[in-house]
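Written out below as structure tokens is the structure these notes cover.
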Amino acid sequence: MSAQTALRPAIIFDLGGVLIDWNPRYLYRKLFADEAAMEHFFAEVGLSEWNAQQDAGRPFAEAVALLSEQYPHHAALIHAFWERWPEMMGGAVEGTVEIMSELRANGHRLFALSNWSAETYPHAAARFEFLQWFDYVALSGRLKICKPQPEIFAHLQAHIGQPAGECLFIDDSPGNVAAARQCGWQALHFTAPETLRADLARVLGSRTPLC
């Protein structure tokens, strides 16, 4: 790390909802004729909570088998979550990618910290070239630690090698933002690229203009 780079905060991005538009509804709207029925399925099987276990490292083969046994009448829909997972990626959040590119051009080191399955992340890595811009990706599915657990923040900070106050984290979850701040990081709650640009200009000030 050069002395000049060390003066600039390391920028850490969440992925889903910040850089990548991921939503299971992109797939399941193809499988349900009725929106209400789709939402009922999500709630009945506890899809979000179930998927969080894969983000924490549980293999999809095990997860799909267990949930299909519990809800055999939904087995085909449950299998689709794994077999057609790439169809849940709507695309890049282009405004955020543009900001990321500008930060990179200005000498900021870039990192990712995401709750994401190690088995599905390769689909995203193959599709989005900007994921290669990161110095390091702290992926919960590989580490078997999820945000907002402090251990995952400590793991990434060790890789960054800068003081906590020189780590600037961007996430769309208020709970994860709060956890990062408890670890001493600077943190911004992401709602939209336009808001993020204004927040970064305020936090970074004249030290590191985006353009």
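For the chain, adding -39500 (n - 2.57) for each run of n ≥ 4 DSSP H residues and dividing by the number of residues yields -13500 deg cm²/dmol at 222 nm. Let me know the whole percent of all Cα-Cα pairs from segment 1-106 that are separated by more than 22 Å. Value for segment 1-106: 46 percent of Cα pairs lie more than 22 Å apart.
Once the mean of 1/r is taken over each pair of separate Cα atoms and inverted, the chain shows a Kirkwood hydrodynamic radius of 18.2 Å. As a calculated quantity, the FRET efficiency between His73 and Tyr26 at R0 = 30 Å, using C-beta atoms, amounts to about 0.80. Share of segment 1-118's accessible area from carbon and sulfur, percent, 1.4 Å? About 53 percent, which is the carbon plus sulfur part of the accessible surface. When the surface is traced with a 1.4 Å probe over the full set of protein chains, Asp34 keeps roughly 80 Å² accessible.
Taken per residue, the accessible surface of the chain reaches 46 Å², heavy atoms only and a 1.4 Å probe.
Can you compute the label reach from Asp172? Point 7 Å from Cα along the Cβ direction, backbone N cut-off under 19 Å, restricted to segment 25-40. The answer is 25-30, 39, whose backbone nitrogens lie closer than 19 Å to the label point. Panel note: the C-alpha atoms of segment 109-211, placed on their principal axes, show extents of 40, 30, 25 Å (largest first). The distance between label points at His40 and Glu129 comes to 4.6 nm (points 7 Å beyond Cα on the Cα→Cβ vector).
The values are calculated or read from the model by the stated rules, or taken from the named source; none is laboratory data. On a predicted model such as this, the values are computed, not experimentally measured, just so you know. In this analysis, Cβ positions are derived from the backbone assuming ideal geometry, glycine residues included, and neighbour counts consider all displayed protein chains. The accessibility values were calculated without ligands, DNA or RNA, using every heavy atom of the protein model including side chains. Shrake-Rupley method; radii C 1.70, N 1.55, O 1.52, S 1.80 Å.
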